[in-house]
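First up is the structure itself, then whatever we jot down about it.
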Amino acid sequence: MRFFSKLFGGSSEKEIEKMPNGKLKIGIILGSTWQGRVSPQVGKWVKGIADKRGDADYEIVDIADYNLPFLGITDGSEAGPWNEKLASLDGFVFIVQEYNHSITGALKNALDFARENWYNKAAGIVSYGSTGGARAAEHLRGICAELKIADVRTHPTLSLFTDFRKMSEFKPAEHHLNNVNAMLEEVVAWSGALKTLR
């Protein structure tokens, strides 16, 4: 909560809690759709940590549920529910897998299927891969900049070799807990600040 005071010009926590529309809504976006993916495990873990904080309403947003076609092959009418979901959210946490040094095609497609509904919102990134998904996260940061998403600095990185058993069963090391909480604190603070611009 200390970030709030800085961002809102010294407002007290009680004043911030009385912001219009109640708690902020943060979507934890699963960035993979392929069968056998581990992103649901990581997303559930992040949500479990987030829910204990009580500083926002968190929900899992699985892009696989929206059945988005490849952008450009239809008239785009299928994007209605996806855009409605994004419009209802104040901020995001992207669960990012690294494929060929970048994000998945499914996540890139989902990002491209919306525009204004990303604007002036904040996002955190939790990535995983052989090098912690760091290269995918850096690519995502460039996309976020174009979509006017303020990506926060703190970035939990998970290793397929040390945080997963047989690269499929998620068993995170304890030290990640502090990084996730720090990232969430930044996401909530910046999401609250940016809400004043929308």
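The values are calculated or read from the model by the stated rules, or taken from the named source; none is laboratory data. As the structure is a computational prediction, the values presented were derived from the model and not from experiment. A quick note on method: Cβ atoms are made from the backbone with ideal geometry, for glycine too, and the neighbour counts reach across all protein chains shown. When the accessible area is computed, the model is the full protein with side chains, heavy atoms only, and any ligands, DNA or RNA have been set aside. Shrake-Rupley method; radii C 1.70, N 1.55, O 1.52, S 1.80 Å.
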Problem set entry | Among the candidates ASN117, ASN178, residue that is open to solvent by 40 Å² or more (accessible area, probe 1.4 Å) and more than 20 Å from ASP55 (Cα to Cα) | ASN117
Seminar exercise, completed: TYR128 meets each of (1) buried (at least 18 other Cβ atoms within 10 Å of the Cβ); (2) part of a helix (DSSP H, G or I) with one exception, condition (2)
Seminar exercise, completed: Only one of (1) within 23 Å of GLY48 (Cβ to Cβ); (2) open to solvent by less than 40 Å² (accessible area, probe 1.4 Å); (3) touching a strand residue (DSSP E or B) at 6+ places or on another chain (Cβ under 7 Å); (4) not charged (D, E, K, R) does not apply to TRP190, and that is (2)
For this session: Using the structure shown, decide if SER191 is of a type in the set (Ser, Thr, Tyr), closer than 22 Å to LYS47 by Cα, in contact with a Lys or Arg (Cβ under 7 Å, 6 or more places away or on another chain) and in contact (Cβ under 8 Å) with a residue 24 or more places away in the chain.
Result: yes
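May I ask you to say which residue of GLU138, GLU146 is of a type in the set (D, E, K, R), over 30 Å from GLY22 (Cα atoms) and either open to solvent by 10 Å² or more (accessible area, probe 1.4 Å) or free of Cβ contacts under 8 Å to residues at least 12 places away in the same chain (or both)?
GLU138
Looking at ALA114, is it free of Cβ contacts under 8 Å to residues at least 60 places away in the same chain, assigned to a loop (DSSP other than H, G, I, E, B) and closer than 30 Å to ILE73 by Cα? Break it down stepwise before answering.
Working: free of Cβ contacts under 8 Å to residues at least 60 places away in the same chain: yes; assigned to a loop (DSSP other than H, G, I, E, B): yes; closer than 30 Å to ILE73 by Cα: yes.
So ALA114 passes the test.
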Problem set entry | Whichever residue in the range 62-97 is touching a Leu at 6+ places or on another chain (Cβ under 7 Å) and part of a strand (DSSP E or B) and, among such residues, is most open to solvent (accessible area, probe 1.4 Å) | ASP62
For this session: Go through the residues of the range 170-181 one by one and say whether even a single one is part of a helix (DSSP H, G or I) and in contact with a Lys or Arg (Cβ under 9 Å, 6 or more places away or on another chain).
Result: yes
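Conditions tested, residue by residue: (1) over 23 Å from GLU84 (Cα atoms); (2) modelled with pLDDT of 95 or more.
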position: LYS121; (1), (2): no, yes
position: ARG135; (1), (2): yes, yes
position: HIS139; (1), (2): yes, yes
position: GLY142; (1), (2): yes, yes
position: ALA150; (1), (2): no, yes
position: LYS166; (1), (2): yes, no
position: GLU169; (1), (2): yes, no
position: ALA182; (1), (2): yes, yes
For this session: Scan the range 30-56 for residues that are of a type in the set (Phe, Trp, Tyr) and either at pLDDT below 95 or over 11 Å from VAL180 (Cβ atoms) (or both) and report the count.
Result: 1
